[in-house]
Structure formats: structure tokens, C-alpha cells
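Enquirer: My questions all concern the structure below.
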Amino acid sequence: VGNYKRTVKRIDDGHRLCNDLMNCIHERARIEKVYAQQLTEWAKRWKQLVEKGPQYGTVERAWCAFMSEAEKVSELHLEVKGSLMNEDFEKIKNWQKEAFHKQMMGGFKETKEAEDGFRKAQKPWAKKLKEVEAAKKAYHAACKEEKLAISRETNSKADPALNPEQLKKLQDKVERSKQDVLKTKEKYEKSLKELDNATPQYMENMEQVFEQCQQFEEKRLRFFREVLLEVQKHLDLSNVASYKNIYRELEQNIKTADAVEDLRWFRANQGPGMSMNWPQFEEWSADLNRTLSRREKKKASDGVTLTGINQTGEQVSQPNKHSSSLSVQSNTVQSVQSSYNPFEDEEDTGSTVSEKEDNKIKNVSSYEKNQSYPTDWSDEESNNPFSSTDANGDTNPFDEDAPPAMEVRVRALYDYEGQEQDELSFKAGDELTKMENEDEQGWCKGRLDNGQVGLYPANYVEPIQ
């Protein structure tokens, strides 16, 4: 009696499982949305970088095809998110609302109906069971009393001090006890027989209510199976024709990359096949712009152009292709550190991964396709320390006379690539000799260990202790 509680509890569990399944689908939909957004951001950022970068021709189009693939896959994952929330989630929500009806006093109508059905089916049998238990108890008590009476009678026979009248009372007590045992036994057997006769009907009524609960649970289990199959269809992109077309198109775009065609285009537009502008005789004109000296150029802007900045302590050197120019004030030293950690938790830093990647990947390309190249040229071997003029000390590579200074060994703090022929190029950590002190524009004269002499920004180095 009362062991139907587990079956009734299953109804409440069914309602809770609907909530669990909805939460599960909702979380997956959120993941699909975030993934789609990240694909879009990635595609947009890299498409701009490739288009502005030095890659050209059919290989550029093949590379950009990956970004197009990401955009299309992003759209498909947004469709997956929409299907999960608008179809699957709503379907479970509506089915739950139709299958489970809340009562004013709490609980569900279906739970109360199952509870009442089991209790009603069990009530007649439970009443007879209670009678059986009472009859059994009375019978056992009579048996106990009979045994006690017989024991007293036996003991009294061995006691000579007991008078006949008392012995007679004990014998009568034994007789009554035997009669009570017979009566209670008969009643116990009768109630047990009635219980046995009521058991088939009891079983039938209980099974009828149980089958109703089974049918209700079967609807839920079948519904869950149906929903899970639909979720599987929404998640499985392998059977989506547009998904297959994306990668078929991507393969075609990559296969169309033609090295011969790209080289032919480069020859025609950037090589010997391009339109020429051969030198021609030009009359002198006073209006021609005079050529600014290097020192005058530097005075035009207070900033110093830094390229490829690395900390001395960091031995990670990025190729020049992956460093963009950065302008800082000449009288300050900018300490640039790479703070991006791809394994860092987004929530801990307060910024998204895409923002960090933006800050890092902005330095991918050192120049753009349409970058204008300097036309300054010289046939002087000013960078050759073994030329005759430099070896004899007859020439000074600097436009102005600089005050003499004691030579000092210094160490480069950052990478620097000379922008003009009279400038030095070095890497962070390289050592060189400072030959002259800093001038008013923030430049020093120095000599590399290979003998090359030239200028460099003063705030790019530090004295070696």
C-alpha cells in the first residue's frame, strides 16, 4: 500500500525534464550564435587585411574565398540557432504547456489524478488488509494468552499450597483461552480469505491506473524522441545542399589560383611590361621644389617613425612584413608589449578575444598594394665601410658638422629599419657604438660592429652598464 508514489513522481519529473531539454537546446543555440558572430568578425577583418596586403591576382581571390566560406557558414549557423529556438524550443514549451496543467493550490492536475486513481483503486483492498492485520493481531494475542494460562495451570499442580478452587479457576482460564484462539483463528482465516478474493480486482484496478500513467509517460518519451530527431536534423549541416555547395565553391576558387597568370599580371603591371617613364631633357625652372635634406625632413614632424618594436627582454622577432609603422614623440620612449593571450578568459579581462586579435593583427602587413615607393636613389656605396673614401677618412656622411663626443657602447631597445641611406638598421638586443651625442632632432651618430656608420633615433638605445 502506498508504493505507487514512484509512478506518480514520474509525472513531476517529466515536467522538469522538459525544462532541462529546453535549457539544453537554448545553450546550444547561444553557442551557434556566438560562433556565427566570431566567423563573421574573422572574415571581415582578414578580408580587409588580404585586400590591402601585398598578395595579388588569382591567389588573392583563392585566399579571399576562405572569408566568403566563413560568411556563408556563419549564415547557416545563424539559421541553426533560429531553428533550435523558433522551432524546437517553442515546440517543447508548447507541448509542456498542453501536457501539464498547474493547479491553484500547487502541483499538477495530472499528478493529482494519478494519486487519486491509485488511492481509489487501493482503498477497498487496503481496508480488507487492515482487517486482516487486526485479526492476525487478535489471534496472536489469544495464542499468547492460551500459552500463559497453560503455564500457570501446570505450575499450580506442582504447588501443594494451592486450594482446589484456585486450581479450578486456572483450568477454566485455560479452557476460555483455547476457545478464544479458535475464534480468532477462524476470524483471521476468514478475513485473509476475503483479502485473497479481493486481490484480483485490486490488481486489475491498480494496473488500470498504472497503464494510464504509462500512456502519459509514453507520450512524453515519444515526444522527446521526435524532438531530438528534429534537433539532429537542424544541427547536421552535412545533408544541407547549400553547405556542400559552399565547400565545392571554395575548392573551385582555390583551384582557379594560377601562378603563371599571376606572374603574367605582375609583369604587365609591376614589371618590365608596365608603362615606362624614361628620363627626358628638362629645362631648369626656379619654381622647382628644392630637395629637402634629411635633417630638414626630420624638422617637419616632431614624431619619429618606429618600425617593428620589440622589447629587449623578448627575443620574439616578427618579420618586417608583419610590422606596421608607429609614430611616437622623439623625447619619449614607448614601451610596447604584446598583452594578448589567446588562452585568457574573456570575462577576466573585460575585452573580447576579437578585440585583442584586432590589436594584434593590425600589424600583419607592413605595406599595402598601392603603397608609393621612394624614387630617391644613389650610386654611392655609402653603406660600404670598405670604400676608399671612408677608409681614408676623407668624407663625412653627415650634412652638418657634429661636436665630437666620446664613443659609448649602447644596446638597441627596439628593432629599427633605416628609412634613408644614411640611417642604420638593427634589431632589439644588438650592440653598437655611439659616436656622437643626440642632436636637437633626437638623432645620434653610431657605428655597427660591421663597420657601417650612420644615424639612428636616440631613444631606441640604452647605454651598456
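The values are calculated or read from the model by the stated rules, or taken from the named source; none is laboratory data. Every value quoted in this text rests on a predicted model; they were computed, and no experiment measured them. When we count neighbours, we look across all protein chains shown, and the Cβ atoms used for this are built from the backbone with ideal geometry, even at glycine. The area values use the complete protein model at the heavy-atom level, side chains included, leaving out ligands, DNA and RNA. Shrake-Rupley method; radii C 1.70, N 1.55, O 1.52, S 1.80 Å.
Enquirer: With the condition kept exactly as written, say whether any residue in the range 6-16 is in contact with a strand residue (DSSP E or B) (Cβ under 9 Å, 6 or more places away or on another chain) and surrounded by fewer than 15 Cβ atoms within 10 Å (Cβ to Cβ).
Expert: yes
Enquirer: Right, something else. Kindly indicate whether any position in the range 182-192 is assigned to a helix (DSSP H, G or I) and farther than 27 Å from K136 by Cβ.
Expert: Within the range 182-192, not a single residue is assigned to a helix (DSSP H, G or I) and farther than 27 Å from K136 by Cβ.
Enquirer: Out of (1) crowded, with 18+ Cβ neighbours inside 10 Å; (2) more than 60 Å from the chain's Cα centre (by Cα); (3) not hydroxyl-bearing (S, T, Y), what's the single condition that is false for D172?
Expert: All conditions pass for D172, except number (1).
Enquirer: Return yes when A198 is at negative phi, surrounded by 13 or more Cβ atoms within 10 Å (Cβ to Cβ) and part of a helix (DSSP H, G or I) and no when it is not.
Expert: Yes, satisfied.
Enquirer: If you don't mind, there's one more thing I want to ask. Could you list, in sequence order, the residues of the range 41-60 that are in a helix (DSSP H, G or I) and of a type in the set (G, A, S)?
Expert: A43, G57 - these are the residues of the range 41-60 that are in a helix (DSSP H, G or I) and of a type in the set (G, A, S).
Enquirer: If a residue has to be closer than 30 Å to E218 by Cβ and not in a loop (DSSP other than H, G, I, E, B) to count, how many in the range 1-40 make the cut?
Expert: 25
Enquirer: Scan the range 237-250 and give yes if some residue there is over 30 Å from W63 (Cβ atoms) and part of a helix (DSSP H, G or I), otherwise no.
Expert: Taking every residue of the range 237-250 in turn, none turns out to be over 30 Å from W63 (Cβ atoms) and part of a helix (DSSP H, G or I).
Enquirer: Shifting gears a bit: When only residues in the range 231-276 that are closer than 30 Å to K33 by Cβ and more than 29 Å from the chain's Cα centre (by Cα) count, which is most open to solvent (accessible area, probe 1.4 Å)?
Expert: Ranking the qualifying residues of the range 231-276, first place goes to Q252.
Enquirer: Whether any residue in the range 65-73 is outside any helix (DSSP H, G or I), more than 30 Å from R222 (Cα to Cα) and not β-branched (V, I, T) is what I want to check.
Expert: No: zero hits.
Enquirer: For the range 203-210, indicate whether the set of residues that are without any contact (Cβ under 8 Å) to a residue 60 or more places away in the chain and surrounded by 15 or more Cβ atoms within 10 Å (Cβ to Cβ) is non-empty.
Expert: Scanning the range 203-210, I find no residue that is without any contact (Cβ under 8 Å) to a residue 60 or more places away in the chain and surrounded by 15 or more Cβ atoms within 10 Å (Cβ to Cβ), so the answer is no.
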